[in-house]
Amino acid sequence: MKTITILISFLLAVAAASAAETTVAGPKGGRMLIAHPVRAEFFVTTERRVELSFFDEAGKTVSPGTTAVTVTAETTGGRVAVPLVSQDATLVSVEPLPPGDPYRVVVQVRSAPGARPSNFRIELNLHECGECQRAEYACTCASH
Ligand SMILES: [Zn+2]
């Protein structure tokens, strides 16, 4: 019985790991960040501003509600906080993302203030992927 429990735990861990590696496409061409119950699309506009839109389980746009999000750009020059403001039903960055990409962007999502945070580490590469025509940070190709 113990062996079965260990095996199930292992399978669940494997399933969680493979789910984390799959990029889910967002409707705007960004990348979905799924931190149950939050479903948010991370999208970078042509002005390099971060835009976060929120969806319910059915894919309908919802307001961020109590969701708190922080965005940090890990540039070669150091970590830069990217403040967000709410605009209609989205959270947008006040300033464009700092130059120097590709670099890593960490998006921390809390479904409510004080809730356990989920961290998403995104390699911010804004070049278009030749295969799927999406920006590399939101590329859905299985090969890379
Ligand atoms: Zn691609």
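No value in this document is a laboratory result; all are computed from the given coordinates. Bear in mind that the values here come from a model prediction, so they are computed numbers and not experimental data.
Overview of results
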item: Segment 24-138: C-alpha pair distances exceeding 24 Å, %; result: 20 percent
item: Gained length - H127 relative to E57, 0.36 nm times residue gap less alpha-carbon distance; result: 22.2 nm
item: Length-normalised contact order of segment 24-138 in % [C-alpha pairs under 8 Å, at least 6 apart]; result: 22 percent
